[in-house]
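What follows is a single structure, written as structure tokens, with notes after it.
Computed from the coordinates by the stated procedures, all read-outs in this text should not be read as laboratory data. Since the structure is predicted, the reported quantities are computational estimates derived from the model, not experimental observations. Backbone-built Cβ (ideal geometry, glycine too); neighbour counts: all protein chains shown.
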């Protein structure tokens, strides 16, 4: 019988909870994030795991963390999630170009890595509600920097017993990302642009998720909040799977021998994706360096260099909008891990961030961050990486993946590292058509995103994905825009409170 794994808040005020309770809550009542009491080891030999397909591997990983779910429940969830909505039976192919392997996480229904976890989340929440005896309507409240919103909408649209409300920065996502969200059908969906950036949306949503007055009003109406952001542990855990998958595929093609280290270069904004890689390493996966790649909003690369996290800086809108973030929520989970699991210390740091806009970690904590290497790429370096890989290999990177590739190149040049690398490729270039095509050839600078689909298809030989074909002409169903200060009123209006 597998030991029951329990979850604590990083701020430690509330009681420990089960995985099901943590997934339903989304965020702890004290404002902290749920973390597993310990990170379980996956002790099955790598050569045995290499025989599993993605779905079977997912069950192996999930059952170590979601110990109150039965194996059959997890198998059903995985079968429903990783189905024909993914355009390849491998789910997450690994391809090799220009000295690196690229883990393609964009073969799902919204062409972004968020599908890898959000395809699972509705089923996990449904089972969790049954296990906890919850009979309330679940309201999924989510902020997005571009990709989470559409992936969450796709996952929860039409799901009985749920509503989903998504806030996105009106001027801070690509045209394709925005069109994917505002054309979303479903009577239980609401999409709102905000006059502000992702940090404004995320901070407001986190406050609402723990607003007792609002929660009480919802209770009277038979509703409960949850989240589809990576602050929800149910979003984070499925992401661990693809690090194991990538390593096993690298073993299979001879890129690494079982037990040898493999580096991962990860485009990083809210820190959930790379944190999943850290969890995989703590489970026993032979991960070398976790290369935390930032764009010009380099708050994370500065943090890993100095031990100082400082959000009081200029904010840049870039060609990699999902990384245009100055408050990386999931970093709180890493802080808890590297400070000896002290909720008091984490609470103090988060209070400093809230009041002063910055905090500094101790030298002892810095010594526990050696798994990570920070780096950033400028806009010009990002475009150069897209152009170089296209010209050399005929392979097209989206801007987020290009940031990670560029940062890895600089890391390799600086250190002379010979360790093989997997670049985590988080989105299809079709989501960022204009910027990608402009990077390849400046003649496309005046082009229009949707009009350039055909040009990209000619260049790559990769057909325009069915999920975005005809996207430009779909009717806009969500037109509301609000100021940050109006977010709570908007939510209350939608819910009839």
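Values as computed for the structure displayed
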read-out	value
Relative packing of peptides 47-60, 413-426 - highest average C-beta neighbours within 10 Å first	413-426, 47-60
Mean Cα-pair separation over length for segment 349-497, i.e. relative contact order, pairs under 8 Å, 6 or more apart, %	16
Gyration tensor verdict on segment 179-242 (Cα atoms; rounded if a/c is under 1.5, prolate if a/b is larger than b/c, oblate otherwise)	rounded
Whether segment 72-221 is rounded, prolate or oblate, judged on the alpha carbon gyration tensor where a/c under 1.5 counts as rounded	oblate
Percent RCO, i.e. relative contact order, over the chain, from Cα pairs under 8 Å lying at least 6 residues apart	18
Which label in (i) 21.4; (ii) 22.9; (iii) 27.1 gives the computed mean projected area of the Cα convex hull in nm²	(i)
Segment 146-289 shape via C-alpha gyration tensor axes, a/c threshold 1.5	prolate
Relative contact order computed over segment 117-245 (Cα-Cα under 8 Å; 6+ residues apart), in percent	33
For the chain, calculated [θ]222 nm from helices alone, where every DSSP H run of n ≥ 4 adds -39500 (n - 2.57)	-12500 deg cm²/dmol
